[in-house]
Amino acid sequence: MFMNRFLYCMLTSIILWSACQSNNSKDSKNQVLLKNEVDSTKDWHTQSNFPKVNLKHLSLDISVDFDKKIIKGNATWFLDTTAQNAKRLFLDTRDLQIDSVVFNDGTKADFRLENPVEFLGSALRIDLKDHAKSVTIFYQTQKDATALQWLNPTQTFGKNAPFLYTQSESIYARSWIPCPDGPGIRFTYDATVKVPTGLMVLMSAENPQQKSQDGIYHFKMDQAIPAYLMALAVGDISFKSIDDRTGVYAEPAIIDKAYHEFEDVGKMVHTAESLYGPYRWGRYDILVLPSGFPLGGMENPRLTFCTPTILAGDKSLVNLIAHELAHSWSGNLVTNATWNDFWLNEGFTVYFERRIMEATYGKDYVDMLWELGYQDLEAAVADLGKDSKDTWLRLYLKDRDPDIGLTDIAYEKGSAFLHLVELTVGREIFDKFLNNYFSNHAFQTINTAQFLDYLNKDLLDGHEDWKNQIKVNEWVYGPGIPDNCPQPDRVRFIKVEEQIKNFQNGMAAKLLKTTDWSTYEWMHFLRQIPYPITIEKMKDLDETFHLTQTGNDEIADIWFLQALRSNYTEAFPQIKYFLINTGREKFLEPLYKELMKTPEGKKMAKEIYKIAKENYHPLAQKDVESILFPKNT
Ligand code: BES
Ligand code: ZN
């Protein structure tokens, strides 16, 4: 054990030493990092005392009260007593009310909630007694629990029943379950959930396909998962089967539309398996949420949560499903050990997503995704600063909000790095490596240093030429976009750019060659037209392509941005409608930021937010408020 730790420290020091060499400037900055790095297995975002106390299994027994907007019940943690010598158990909580704690023999345990720590919440300290097999915590959530969005019937598609759903990643499971809330800590769970009759309940577990008569539901999750993958949804939800292991859940009002959009998902699971090995989670279902959902998708095991903004009607946004499905390998099966290693979840997943997309729709198509991703990466680097340590793949988030790491560095720099490794060593060899990686680390966690060690041992050692071409340390422990970043082929975007030129040179919109354009071509077109665009030209585009009224939210978002920049006021009512009725942070952020650039825009933004606020998830509210009221954050 000691030997391993010693070797590990040596290894990280060597990696960092070589990182310092390749960056060969700012020595003092790197010295500071060296100190942090030695402690790199530590998860700064949990106050639980795992692995001192080993928690094997969670038994949840809760009821959902829509009137009071609280979840109330108890959580029983089964302790692994074999290696137990700790006198205390610490769990994460955030804004939870703890009523009592009881041991398995029925006696009461002493407990206290420690003072809250910024970002982390209050640790719950439970004094253990010898031979305790379990502790049951009686608790309730508070009205503003970060993970929970409570929707009134008017905020749903069906308008006749309330809705509740959770978003636990990154550290918000603790706001609805007292738990060891770090990605490196896994447990199995079962749950009993009681809701008003007539509502369906779903979790990241084995799920029902029909509503129960009495509003009581039982769940089982036998595969160990980290707390950030705990999920719950309650509402008027129906189910439609796609094939024998995939299906879709949605409110009855949109179930057919959702089914149509996801018809090909069964095939997608097969494609993913043919790339990186068996799907290990039994069923793969998708739940389409009401429009307040703050994300595109969330990879809750067995049940991806996704935004209704993906329902474009033509399957053109299903890469989002490919992404969440890919997390069944990268993230859910092999999990980033801490939020500093977030790129191991998201970078791998974007790479895998694009491989699924390439296998399904061809290389030309996926090259567009790579290029749009590269544009996003450039924007992220510009935003964070090209020398910023936040542009390293390996992050340093101690004492910081872990969601700071939620940028395109993890997604796009991470996936570009893996793309580079693939291009360097060849696809066949790389796929074999990834297959082994997933099966060798299944149901385990991994940090960046461990991954690099594995990469060297399993792939790069003995190939100095590959190492020199890839320059791993420049990517992982260095800023910005390295020079050897792969450049995608631009077959289809070159054609788009010809049309941009034609349009700029005065060609009427109706004469542009846009037939057969996919969402991505439109995104490129609208992103790349230099702005501001004259009102006449905006009008011409709008009248020809009906962009203000598009049902495709990816296109709408960019078009509305151009409309704001060009002061194309005809689109403003629709922009207002969009901001009030979409909760997806990725769309809200750029529009609110753009509005904040002018005094009139600021006024409009604040007016809109007043109406829209209650439609947004607490996390999206936090995000938008940091844009509208910068001093308050
Ligand atoms: N796991 C993420 C969402 C997430 C990350 C939530 C970190 C909270 C903290 C999910 O898989 C994701 O990446 N969603 C993207 C999808 C896109 C990349 C296709 C989104 O929501 O936009
Ligand atoms: Zn993801």
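A few notes on this one:
- When the Cα atoms of region 492-628 are aligned to their principal axes, the ranges along those axes come out at 44, 27, 20 Å in descending order.
- Alpha-carbon radius of gyration plus Dmax, which is the widest Cα pair, for the chain in Å: 24.8, 82
- Using every pair of distinct Cα positions in region 42-227, the Kirkwood expression returns a hydrodynamic radius of 17.1 angstrom.
- For region 303-375, the Rg and Dmax computed from alpha carbons only, in angstrom: 12.9, 38
- Gain on full stretching of the segment that runs from A442 to N85 - 0.36 nm per residue minus C-alpha separation: 125.7 nm
- For the pair N484 and T107, label points projected 7 Å from Cα toward Cβ lie 6.2 nm apart.
- Cross-link pairs exceeding 20 Å in C-alpha to C-alpha distance, out of K159/K257; K267/K432; K501/K539; K42/K129; K510/K537; K386/K501, comprise K267/K432; K42/K129; K386/K501.
- Taking 7 Å steps out from each Cα toward its Cβ at I404 and D387 produces label points 1.8 nm apart.
- Note on H218 and K603: the extension gain reaches 133.7 nm, defined as 0.36 nm multiplied by sequence separation minus the Cα-Cα distance.
- Sorted fewest first by neighbouring Cβ atoms within 10 angstrom, M538, M230 come out as M538, M230.
- Partners of K613 within straight-line reach, counting lysines whose Cα lies under 18 Å from its Cα and excluding those fewer than 8 residues away in the same chain: K69, K143, K576, K586, K593, K602, K603, K622.
- Normalised by residue number, the volume inside the convex hull of the Cα atoms of region 330-476 is 112 Å³ per residue.
- Counted charge near N319, where neighbours are those whose Cβ lies closer than 11 Å (Asp, Glu -1; Lys, Arg +1): -2
- Zone residues, region 272-291, relative to T360, backbone N less than 19 Å from point 7 Å out along Cα-to-Cβ: 272-289
- Restricting the trypsin sites (Lys or Arg not before Pro) of region 535-621 to loop positions (DSSP other than H, G, I, E, B) with no more than 13 neighbouring Cβ atoms within 10 Å leaves K597.
- In this label model, N152 and E273 are separated by 4.6 nm, measuring between points 7 Å along each Cα→Cβ vector.
- Cleavage-rule hits (chymotrypsin sites (Phe, Trp or Tyr not before Pro)) in region 426-493: DSSP loop, at most 15 neighbouring Cβ within 10 angstrom: F443
- Taking a sphere under 14 Å around the Cβ of L113 and counting the other residues whose Cβ falls inside, with K and R at +1 and D and E at -1, yields a net charge of -1.
- Sites K133 and E378 - FRET efficiency at Förster radius 56 Å, r taken between beta-carbons, to 0.05: 0.55
- When you filter the trypsin sites (Lys or Arg not before Pro) in region 90-151 for DSSP loop state and at most 14 other Cβ atoms inside 10 Å of their Cβ, you are left with K129, K133, K143.
- Share antiparallel - DSSP beta bridges, the chain, percent rounded to 5: 75
- A helix-only calculation puts the chain at -12000 deg cm²/dmol for mean residue ellipticity at 222 nm, using -39500 (n - 2.57) for each DSSP H run of at least four residues, averaged over all residues.
- On the basis of the beta-carbon distance and an R0 of 22 Å, E498 and D314 show a calculated FRET efficiency of 0.35.
- Compactness index (Cα Rg / 2.2 N^0.38 Å), region 229-314: 1.05
- Length added when fully stretched, A508-R280, from 0.36 nm per residue minus Cα-Cα: 76.8 nm
FYI, it's all coordinate maths here, none of it is from the lab. Note that the structure is predicted; figures quoted are calculated from it, not measured. Glycine gets a Cβ as well: all are built from the backbone with ideal geometry, and neighbour counts include every protein chain shown.
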